[in-house]
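What follows is a set of notes on a single structure, which appears directly below.
The values are calculated or read from the model by the stated rules, or taken from the named source; none is laboratory data. Remember, it's a predicted structure, so these values are computed and weren't measured experimentally. Reconstructed Cβ throughout: ideal geometry from the backbone, glycine too, with neighbour counts over all protein chains shown.
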Amino acid sequence: NAGVTQTPKFQVLKTGQSMTLQCAQDMNHEYMSWYRQDPGMGLRLIHYSVGAGITDQGEVPNGYNVSRSTTEDFPLRLLSAAPSQTSVYFCASTRGTGGFYSPLHFGNGTRLTVT
Amino acid sequence: DAKTTQPNSMESNEEEPVHLPCNHSTISGTDYIHWYRQLPSQGPEYVIHGLTSNVNNRMASLAIAEDRKSSTLILHRATLRDAAVYYCIRTGANNLFFGTGTRLTVIP
């Protein structure tokens, strides 16, 4: 199993550009979630999904959109990138209906720089 | 409101036990305590979690205070591979809050 796969690994954007960070998991997990990690800080929850067709906001959702059309994929969209969105982005998944009570499986991240 | 509080850094000699503390004095009755660790350029890796009772697995032990306002992650014999940033996290059904983590240095 590949686990949680994130693409791309690195990305540089100009202010105002849009892009989609991809996240895919092959473990048939119901819960998927996106996080950002700024230097010297822990991760903060952006958006999460409890299953296909269902998404909700986390702690820092502004500037980001998500959708969940399949169990496997949970893309994160930046519609108009800003320098404040420079960060490392992690995607995670977890099985069953335990939500964040269950252990999370993380991808290896996408490092995004907005100039 | 810091959801969890951890020391910024700790050191341990190789093959010695390590006790990593975490304060979560405002924890609610249904929040779990999770611990993850993160190596450079990697995503966090699950270590252990618990609600009220002490927990053991192949990686570590978790000791939770009786009032649940603090917990301690115990690595029984530190190895060089245990050098990482360790995060203590409060988790609810639909939210979770990372602390700023403790950077563990293991001295050979």
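With the condition kept exactly as written, say whether any residue in segment A:73-91 is within 12 Å of another protein chain (Cβ to nearest Cβ), touching a residue at least 60 places away in the same chain (Cβ under 8 Å), buried (at least 16 other Cβ atoms within 10 Å of the Cβ) and more than 11 Å from the chain's Cα centre (by Cα). No; the residues of segment A:73-91 include none that is within 12 Å of another protein chain (Cβ to nearest Cβ), touching a residue at least 60 places away in the same chain (Cβ under 8 Å), buried (at least 16 other Cβ atoms within 10 Å of the Cβ) and more than 11 Å from the chain's Cα centre (by Cα).
When A:G40 is tested against (1) within 11 Å of chain B (Cβ to nearest Cβ); (2) in contact with a strand residue (DSSP E or B) (Cβ under 9 Å, 6 or more places away or on another chain); (3) not hydrophobic (A, V, I, L, M, F, W, C), just one condition goes unmet, and that condition is (2). Summed over segment B:52-96, the residues that are part of a loop (DSSP other than H, G, I, E, B) and either among the small types (G, A, S) or without any contact (Cβ under 8 Å) to a residue 24 or more places away in the chain (or both) give a count of 16.
Apart from one condition, B:G99 fits all of (1) out of contact with any Gly (no Cβ under 7 Å at 6 or more places or on another chain); (2) touching a residue at least 24 places away in the same chain (Cβ under 8 Å); the exception is (1).
The residues listed here are B:H49, B:H34, B:H19; of these, the one that is surrounded by fewer than 14 Cβ atoms within 10 Å (Cβ to Cβ), in a strand (DSSP E or B) and in contact (Cβ under 8 Å) with a residue 24 or more places away in the chain is B:H19.
Specify which of the listed residues (B:L73, B:L62, B:L96, B:L80) is more than 15 Å from the chain's Cα centre (by Cα) and either surrounded by 20 or more Cβ atoms within 10 Å (Cβ to Cβ) or over 19 Å from A:R95 (Cβ atoms) (or both). One residue alone meets the criteria, B:L80.
Determine, yes or no, whether A:S102 is within 11 Å of chain B (Cβ to nearest Cβ) and in contact (Cβ under 8 Å) with a residue 60 or more places away in the chain. Can you show your working first?
On the way: within 11 Å of chain B (Cβ to nearest Cβ): yes; in contact (Cβ under 8 Å) with a residue 60 or more places away in the chain: yes.
So A:S102 fits the description; yes.
Can you tell me which of A:A81, A:A92 is assigned to a loop (DSSP other than H, G, I, E, B), modelled with pLDDT of 95 or more and touching a strand residue (DSSP E or B) at 6+ places or on another chain (Cβ under 6 Å)?
Answer to the check: A:A81.
Residues in segment A:16-34 include none that are of a type in the set (V, I, T) and out of contact with any Lys or Arg (no Cβ under 7 Å at 6 or more places or on another chain). Within segment B:1-50, being polar (S, T, N, Q), under 24 Å from A:Q37 (Cα atoms) and in contact with a strand residue (DSSP E or B) (Cβ under 6 Å, 6 or more places away or on another chain) holds for B:T4, B:T5, B:Q6, B:S9, B:N23, B:Q38. Considering every residue within segment B:23-31, establish whether at least one is within 13 Å of the chain's Cα centre (by Cα), assigned to a strand (DSSP E or B) and within 14 Å of chain A (Cβ to nearest Cβ). Scanning segment B:23-31, I find no residue that is within 13 Å of the chain's Cα centre (by Cα), assigned to a strand (DSSP E or B) and within 14 Å of chain A (Cβ to nearest Cβ), so the answer is no.
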